Amino acid sequence: LDNYLLAPGEEFSFNKVVGPRTKEAGYNDAPIILNNKFVEGVGGGVCQVSSTLYNVLLRTNLTITERHPHSLPVEYVPKGMDASVVYGLKDLKFINNTKGHLLFKTYVGQGSLTVKLFGSAEEEHNIEVVSIIEKTFVPKTIVKTKEDLLIGQVVVEQHGVEGYLVRVERIIKDKNQKILVREILSRDYYPPIDKVILMAKG
C-alpha cells in the first residue's frame, strides 16, 4: 500500500493491490477467524491493515463500495469499524471521487500501524465516527458428556463470546463546529458464540 497512487474516478481494491496472501508471497501463519473460531492460517493479521485503512475512509467523504465485518468482534478497532478481507471472497473497495490523485503512506512501528491518505480537500470539515452498541446477546452454555473424563472433572471446550448489534454513525461538522450531517454508516451483527463444557458421564 505504501506510496500507492489512486487516480480520480478510479476504484481501489485492497485484494488487487495487496495480492494473494500465500507462503510464496512471504506471508506467515497467524490467527484468523474460521467457522467462528480463532485458528492459525497463512496471512493472519492482514485484516488489521484493511481495518486501519477502513477507519481512515470513515473519516473522509470517499465512496466505499465494498466492506465486510468479521464474524467475531476484534479488539484492535471499535466494534463495527473493522473490515474483513479474504482474497477472492471479501474485499475492501472505494472510489476516489475527488478531483485529484490520492497517495497512500503506511508506517509500521513497535506494535502499531499507521495509514495516511493524502489528497485535496475542497472544504475543511471535522469528522467524528462513533460506534454504538444497540444490543448485546448473551451466549448459551452447552454441556456435553465425554467418556474419558473423571467424575466431577469439568473441561471448557469452547469459551463463550458475547454477540452484538452495532451501529456506526458519522457526524460531520464545519469549522465552526456546526453539525452539517449525522448519518448511519453501517449496522453490523456479531453473533454470540456458545460456551461448551465437557463433563463425565453419570
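The values are calculated or read from the model by the stated rules, or taken from the named source; none is laboratory data. Computed from a prediction, not measured in an experiment: that's the story for all the values here. Neighbour counts run over all protein chains shown; Cβ positions are idealised from the backbone, glycine included. All accessible areas refer to the heavy atoms of the entire protein, side chains included, with ligands and DNA or RNA removed. Shrake-Rupley method; radii C 1.70, N 1.55, O 1.52, S 1.80 Å.
What list of ³J(HN,Hα) values in whole Hz, one per residue of the range 145-162 in order, does the Karplus curve 6.51 cos²θ - 1.76 cosθ + 1.60 (θ = phi - 60°) give from phi, with Gly and Pro shown as x?
9, 9, 5, 8, 8, 7, 4, x, 7, 10, 10, 8, 6, 8, 7, x, 10, 5
Between Q158 and E134, what is 0.36 nm times their sequence separation minus the Cα-Cα distance? Round to one decimal in nm.
6.1 nm
Summarise the accessible area of the chain (1.4 Å probe, protein heavy atoms) by the percent that is carbon and sulfur.
Whole-percent figure for carbon plus sulfur exposure: 52.
Quote the charge dipole size of the range 1-121 about the Cα centre in Debye, to the nearest 20; the model charges only the Cβ of Lys and Arg (+1) and of Asp and Glu (-1).
Using only the charged Cβ atoms, the result is roughly 240 debye.
Rounded to the nearest 0.05, what FRET efficiency do I151 and Y87 give with R0 = 35 Å and r taken as the Cβ-Cβ distance? Could you check?
0.10
For the chain, what does -39500 (n - 2.57) per DSSP helix run (n ≥ 4), summed and divided by total residues, give at 222 nm, in deg cm²/dmol to the nearest 500?
Taking each H run of at least 4 residues, the total per residue is -2500 deg cm²/dmol.
Treat every Asp and Glu Cβ in the chain as -1 and every Lys and Arg Cβ as +1, leave all other atoms uncharged, and give the resulting dipole magnitude about the Cα centre to the nearest 20 debye.
The dipole of the chain has a size of about 280 debye.
Relative contact order for the range 83-162 using alpha-carbon pairs under 8 Å, separation at least 6, rounded to a whole percent?
It rounds to 18 percent for the range 83-162.
What is the helix-to-structure angle for 46-57, meaning the angle in degrees between its Cα long axis and the longest Cα principal axis of the chain, kept from 0 to 90 and rounded to the nearest 10?
Between the helix axis and the principal axis of the chain, the angle is about 40 degrees.
Return the single residue from T145, T136, T52 with maximal mean-square fluctuation; model: Gaussian network over the chain, springs between Cα atoms under 10 Å.
In this elastic network of the chain, the residue with the biggest mean-square fluctuation among T145, T136, T52 is T145.
Can you give the FRET efficiency for L180 and H101, using 1/(1 + (r/R0)^6), R0 = 30 Å, r = Cβ-Cβ distance, to the nearest 0.05?
Plugging the Cβ-Cβ distance into 1/(1 + (r/R0)^6) gives 0.70.
With the dipole of the chain worked out from charges on the C-beta (+1 for Lys and Arg, -1 for Asp and Glu) around the Cα centre, which of S84, A200, L117 lies farthest toward the positive end?
Working it through, the farthest residue towards the positive pole turns out to be A200.
Pairs of alpha-carbon atoms within less than 8 angstrom and 6+ residues apart define the contacts here; what relative contact order does the chain have, in percent?
21 percent
Using Cα springs under 10 Å in a Gaussian network model of the chain, which residue among G163, G100, G111 shows the largest mean-square fluctuation?
Fluctuation is largest for G111.
Determine ³J(HN,Hα), in whole Hz, for all residues of the range 20-28 in sequence, where each value follows from phi through the Karplus function 6.51 cos²θ - 1.76 cosθ + 1.60 and θ = phi - 60°; x replaces Gly and Pro.
Values per residue, Gly and Pro as x: x, 9, 10, 4, 5, 7, x, 7, 10 Hz.
At 1.4 Å probe radius, can you tell me the per residue accessible area of the range 63-194 in Å²?
That works out to 63 Å² for each residue.
Summing +1 for each Lys or Arg and -1 for each Asp or Glu, what net charge is found among the other residues whose Cβ lies under 12 Å from the Cβ of G160?
With Lys, Arg at +1 and Asp, Glu at -1, the net is -1.
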